[in-house]
């Protein structure tokens, strides 16, 4: 018999408690622990318990073992009094944190596994919800998001781009000042530990956000302009070099149809195709407006469109709010994620390119659980693929069953 939501939450808390009882000391606690605020969301509570402080890692592990939270967070900020109310904490600085989440990325797989339901009339559909419901015209939707290997691969690729920008352009040490965590759900968190950056304010952090996202880039400031003459002394670094390399690849890989899809008319497409080898030759040696002078371009908008596409290829799709927030709570590394049952696993920077969270972040890897599944799309855990499943009672390996239970699409069978 399928259990109620209350029974399922109780079961999940029991499983999380078993995990933390056995493995809480594997959870990483941050540097400057006694200056950090902690927050926890429990399975049987709708509000977060925050403004908590701990003096040692052992105190944190004890809390996890006793309370078995669904979600565990700590502040990117350092405080004089982390347990005080926000205005009395005494901000001492904050790590620079980046969040990359597949929720914010355009991936074709969302049309297969994401679902929306109109809260007003019950109309439903796949993918990203429309601005307003096509039936009742209301803008309120319940979204049921999923993740798959494609989502996670896209998020991982964006994280690789971010790491490249941080280390190559901003001088962050890849060995001493950088750490990466799989979030336990649909993305990655990148932490920068740098004494100088630690004390910068929100405005400066927004400047970093703009740089990482390539906001406001203009071709004329990067030697990429139809009237610019070749200047071999122009530095091929930062965004100037990134644009040149991206444009080189863009011209190399794009055919007539793909160039037309960028919004160019037939004449412009023909010019690009006819001259692209010569343009590549100039871009290969460094940023050069001379590459664009080879085309009979009518206006600067064509170059701006190409540069816009290049920015999209080189920039990293970070959550802008997270990085600018100097009081942000971020997920505790190696803690469990209450919406998936996976670990917020640490990822060595050198291992990111081959990291598979659906294997490496599995926490519940023993036994099987019988669950009643309401509806779940096809999904993979480890080396095995399951589903789609709808209105069935099935016995699944623990990792797969816990994912469905945490996602709220299944209930435990007693």
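What to note about this one:
- Tallying residues that are crowded, with 21+ Cβ neighbours inside 10 Å and either in a strand (DSSP E or B) or assigned by TED's automatic domain parsing to the domain that holds residue 338 (or both) within the range 377-409 yields 4.
- Taken over the range 154-179, the criterion of being in contact with a strand residue (DSSP E or B) (Cβ under 8 Å, 6 or more places away or on another chain) and either in a helix (DSSP H, G or I) or surrounded by 21 or more Cβ atoms within 10 Å (Cβ to Cβ) (or both) is satisfied by 155, 156, 158, 159, 162, 163, 166, 167.
Every residue, every condition in (1) in a helix (DSSP H, G or I); (2) modelled with pLDDT under 80, yes or no:
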| residue | (1), (2) |
| --- | --- |
| 217 | no, no |
| 220 | yes, yes |
| 225 | no, yes |
| 229 | no, yes |
| 234 | no, yes |
| 240 | yes, no |
| 245 | yes, no |
| 258 | yes, no |
| 267 | yes, no |
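- Enumeration of residues in the range 180-199 that are surrounded by fewer than 17 Cβ atoms within 10 Å (Cβ to Cβ) and touching a residue at least 12 places away in the same chain (Cβ under 8 Å): 199
- Qualifying residue in the range 302-323 (condition: outside the structural domain of residue 199 (by TED's automatic domain parsing) and at pLDDT below 80): yes
- Filtering 369, 330, 374 for residues that are under 17 Å from the mean Cα position of the chain (by Cα), surrounded by 15 or more Cβ atoms within 10 Å (Cβ to Cβ), in contact (Cβ under 8 Å) with a residue 12 or more places away in the chain and assigned to a strand (DSSP E or B) leaves a single hit, 330.
The values are calculated or read from the model by the stated rules, or taken from the named source; none is laboratory data. Since the structure is predicted, the reported quantities are computational estimates derived from the model, not experimental observations. Counting neighbours? That spans all protein chains shown, and the Cβs are built from the backbone with ideal geometry, glycine included.
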